[in-house]
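The values are calculated or read from the model by the stated rules, or taken from the named source; none is laboratory data. Computed from a prediction, not measured in an experiment: that's the story for all the values here. Please note: Cβ atoms are built from the backbone with ideal geometry, for glycine as well, and neighbour counts cover all protein chains shown.
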Amino acid sequence: MTERRRAERRRAEIDWKFYKKVFWLALPIALQSLITIGVNMLDTIMVGNLGEMSLSAVSLANQFIGVYQIFCMGLGMGASVLVSRYWGMQEAEPVKSIQALRKTICIVVRITVSLALLFAVVTLLIPQVVMRMYTQDAEIIRLGEIYFRFSVITYFFLGLSLVCTIILRCVGQVKLPLLVSIGAFFVNLLANYVFIFGKLGMPRMGIAGAALGTLIARLFEAGMICGYLLLKDEKIGFRVKHLGMKTADLLGEYIRTPCLTFSVRISRMRPHI
């Protein structure tokens with residue numbers, strides 16, 4: 001009877017340690033997601049002082065940018081499945097697993113940059129067509145075009161920071177992305193204040209200032225996250241030179257994973273009958 005109680009006590013201690021570890025891993029991720037939403041909302045909140053037209057234009061433009069963000073999250077979640085798998089294989093097959101890890105990162109970075117280029121070209125060449133998908137008001141379309149003009153480069157920084165953050169989470173690095181997100185929030189807040197309202201000697205840029213503030217915040221975020229992954233991280237050891245790796249043997253498996261992720265998300269979005 002005593003042995004049984006001891007076994008139950010040991011099992012309870014193991015369970016408590018496991019849940020404690022999960023909690024401290026999940027908490028920074030949850031906080032970072034909340035802060036990321038806050039960064040996205042800052043433009044809308046601060047532009048609200050410029051009037052209803054500006055507020056509507058920024059909100060609608062961000063809906064299109066949000067589509068790109070969803071694609072990047074899907075790409076990152078697809079990569080997380082493979083990264084987690086190969087990260088767990090390190091003890092059994094260390095060389096093979098680390099090579100597969102680097103190939104996965106290489107693939108997701110290439111696809112993210114290609115997708116960013118596509119959205120950037122669309123935003124740059126036909127911003128009025130994009131805005132007309134959401135509204136027919138000529139003034140809102142005009143203001144949306146101004147916002148898009150300063151948001152073209154943002155796609156690259158936003159996408160890279162998103163996928164690299166997800167990759168770092170998969171190998172247990174959750175604190176750095178949280179700290180960087182907090183920093184990006186305050187950078188965006190300050191930049192918006194300066195450029196939207198023309199403070200600290202800067203010109204009053206209005207809606208263009210909101211887009212510029214977000215660009216600066218995303219540049220800061222991507223610089224810190226990608227800089228750490230490419231220059232300092234020792235767990236994966238991924239460097240700029242690995243972007244030229246041959247990845248054909250892993251490409252098919254990677255593509256199937258995000259497709260499955262998207263199909264699950266879409267099925268959950270269908271209304272229940």
Within region 198-212, of all residues that are touching a residue at least 24 places away in the same chain (Cβ under 8 Å) and not in a loop (DSSP other than H, G, I, E, B), the one surrounded by the most Cβ atoms within 10 Å (Cβ to Cβ) is Ala210
Of those in region 74-91 that are modelled with pLDDT of 80 or more and of a type in the set (S, T, N, Q), the residue nearest to Cys164 (Cα to Cα) is Ser80
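Can you report the number of residues in region 163-176 which are in a helix (DSSP H, G or I), surrounded by 18 or more Cβ atoms within 10 Å (Cβ to Cβ) and out of contact with any Asp or Glu (no Cβ under 9 Å at 6 or more places or on another chain)?
Here is the first cut: in region 163-176, the ones in a helix (DSSP H, G or I) are 163-170, 175-176.
From what's left, surrounded by 18 or more Cβ atoms within 10 Å (Cβ to Cβ): 163-170, 176.
Then drop every residue that is not out of contact with any Asp or Glu (no Cβ under 9 Å at 6 or more places or on another chain), which leaves 163-164, 166-167, 169-170, 176.
Here the count works out to 7.
So is Ile255 under 19 Å from the mean Cα position of the chain (by Cα), of a type in the set (Val, Ile, Thr) and surrounded by fewer than 17 Cβ atoms within 10 Å (Cβ to Cβ) or not?
yes
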Contact list, first residue from region 77-99 and within 12 Å of Leu250 (Cβ to Cβ), second anywhere and small (Gly, Ala, Ser), beta-carbon distance below 6 Å, six or more apart or interchain, is Tyr86/Ser97; Tyr86/Ala100
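Suppose we keep only residues that are small (Gly, Ala, Ser) and over 12 Å from the mean Cα position of the chain (by Cα) within region 135-162. Which one would you say is surrounded by the fewest Cβ atoms within 10 Å (Cβ to Cβ)? First the steps, then the outcome.
Kept after step one, since they are small (Gly, Ala, Ser), are these residues of region 135-162: 138, 144, 151, 159, 161.
Going one step further and asking which of them are over 12 Å from the mean Cα position of the chain (by Cα), we end up with 138, 144, 151.
Numbers: Ala138: 11, Gly144: 30, Ser151: 28.
Per the criteria, the residue is Ala138.
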Counted residues in region 180-197 being surrounded by 21 or more Cβ atoms within 10 Å (Cβ to Cβ) and without any contact (Cβ under 8 Å) to a residue 24 or more places away in the chain come to 1
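Give the residue that is nearest to the chain's Cα centre (by Cα), with candidates limited to residues of region 88-134 that are hydroxyl-bearing (Ser, Thr, Tyr) and part of a helix (DSSP H, G or I).
As a first pass, look at region 88-134 and keep what is hydroxyl-bearing (Ser, Thr, Tyr): 97, 104, 112, 114, 123, 134.
Retained after the next criterion (residues that are part of a helix (DSSP H, G or I)): 97, 104, 112, 114, 123.
Working: Ser97: 25, Thr104: 17, Thr112: 11, Ser114: 15, Thr123: 19 Å.
Ranking the qualifying residues of region 88-134, first place goes to Thr112.
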- Looking only at region 218-238, decide whether some residue is modelled with pLDDT under 90 and buried (at least 19 other Cβ atoms within 10 Å of the Cβ). yes
